[in-house]
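The values are calculated or read from the model by the stated rules, or taken from the named source; none is laboratory data. What you see is a predicted model, and the numbers here were worked out from it, not measured in a lab. No Cβ is skipped: glycine too gets one built from the backbone with ideal geometry, and neighbour counts run over all protein chains shown. Surface areas here come from the heavy atoms of the whole protein model, side chains and all, with no ligands, DNA or RNA. Shrake-Rupley method; radii C 1.70, N 1.55, O 1.52, S 1.80 Å.
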Amino acid sequence: MLEKEKPDIVVLCSRHPGDHYVQIKAAAERGCHIYCEKPMTADLREADEIVRLVEEKHVKICVAHPARYSLEYLTMKRMIENGAIGSPLTAYGRGKCDHRGGGEDLIVLGTHILDLQTFLFGAPQRVWADVKTNGRPISSQDREDTVEPVGPAAGDDIYACFNFPNGVRGILESRRGLPGPSSGIVQMGLTVAGSKGTLSMRFNDAATPVCKLRLSRKPFPPEDETQFEEVPVTETRSIPGAEPLDYSLCGGPDIPHAHFFLDANRYAVRDLMDAIQENRHPVSNVLNARTALEMIYGIYASSITKQEIELPLVNRGHPLVR
């Protein structure tokens, strides 16, 4: 197909990060731009090579971290920058915390949360983490079976704390088997507490509960006397000439119930097209996708060594691979 059709843009839909490098290399060497499912890769050395390929072949890659393009998180970012919650202090993030909670949740869904934290606050400087399996701290020999082939993973209980610029701390937590959407509870998302209030946005691909951007104007910590109100969001973006999305397909095979994902991915692809024309990186690009993977490596490295880890990493090998 690459030789015969010579596409301008290739879309890589596989959820398995081990598939991507060979596909990216084949497309980049033919000058094709790429929209790539997350995680871009589970191998940090591959991520380094993908960054090199992008620079050498002059191609653009947009990675499917669509929250960067969602109206709710763009509104959250603008409100934080405009002082709606005062000085941001701590960003509390969780993955889905379902049967994959821990190591698999970390790379499959935690990558969204880690990327969101860097979107809001910049690249992290350090990480301290505690990863356990059945209450026991993991070691470099620990590896667990995963539902999907997502690379090395360990732990059923992960807690990590990142230091971001300007004194902001970011938390990432994943615990296996917590209540989920069937109980009316959405674990996955991000809550940002500031000196004057709190912003929160959860997201899931189920029909209910419907997640909304919420604001607390109370300066209390989010677990103590905080009262939230829904934040109205208004779409001002448009794509000239584009047909409306068919939301009746939501909930069908391989299509999430939530409109959030369709809208955000459409604007991600539009951003890729604009980035090609303007010769720039897309908003969600190989550099911040690599940063999210470094954060995951840093979590394991910190827990195994029982030390705080500086970022970016000097050692590019996976902490779970000897």
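Filtering the stretch 49-98 to residues that are touching a residue at least 40 places away in the same chain (Cβ under 8 Å), charged (D, E, K, R) and out of contact with any Ser or Thr (no Cβ under 7 Å at 6 or more places or on another chain) leaves LYS60, GLU72, LYS77, LYS96, ASP98. Restricting the first member to the stretch 126-145 and to residues that are closer than 15 Å to ASP105 by Cα and of a type in the set (Asp, Glu), and the second to residues that are surrounded by fewer than 16 Cβ atoms within 10 Å (Cβ to Cβ) and at pLDDT below 95, no beta-carbon pair is closer than 9 Å while six or more apart or on different chains.
Listed here are the strands (runs of 3 or more DSSP E) enclosed by the stretch 166-215 that have at least 3 residues being aliphatic (A, V, I, L, M): 189-194.
Pairs meeting the criteria (first residue in the stretch 209-232 and within 13 Å of GLY86 (Cβ to Cβ), second residue open to solvent by less than 70 Å² (accessible area, probe 1.4 Å) and of a type in the set (S, T, N, Q), beta carbons under 7 Å, at least 6 apart or on different chains) are SER216/THR198; SER216/THR226; LYS218/THR226; PRO219/SER195; PHE220/THR226. The set of residues from the stretch 179-201 being open to solvent by 40 Å² or more (accessible area, probe 1.4 Å), modelled with pLDDT of 95 or more and out of contact with any Leu (no Cβ under 7 Å at 6 or more places or on another chain) comprises just one member, LYS196. Scanning the stretch 16-60 for residues that are in a loop (DSSP other than H, G, I, E, B) and surrounded by 15 or more Cβ atoms within 10 Å (Cβ to Cβ) turns up CYS32, GLU37, LYS38, PRO39, MET40, THR41, ALA42, ASP43, VAL59, LYS60.
With respect to the conditions (1) within 10 Å of the chain's Cα centre (by Cα); (2) crowded, with 24+ Cβ neighbours inside 10 Å, GLY101 falls short on a single one, namely (1). In the stretch 259-300, the residue that is nearest to CYS36 (Cα to Cα) out of those that are open to solvent by less than 20 Å² (accessible area, probe 1.4 Å) and out of contact with any helix residue (DSSP H, G or I) (no Cβ under 9 Å at 6 or more places or on another chain) is LEU272. Going by the structure shown, is ALA91 in contact with a Phe, Trp or Tyr (Cβ under 9 Å, 6 or more places away or on another chain), closer than 17 Å to ALA289 by Cα and hydrophobic (A, V, I, L, M, F, W, C)? Judged against the criteria, ALA91 is not a match.
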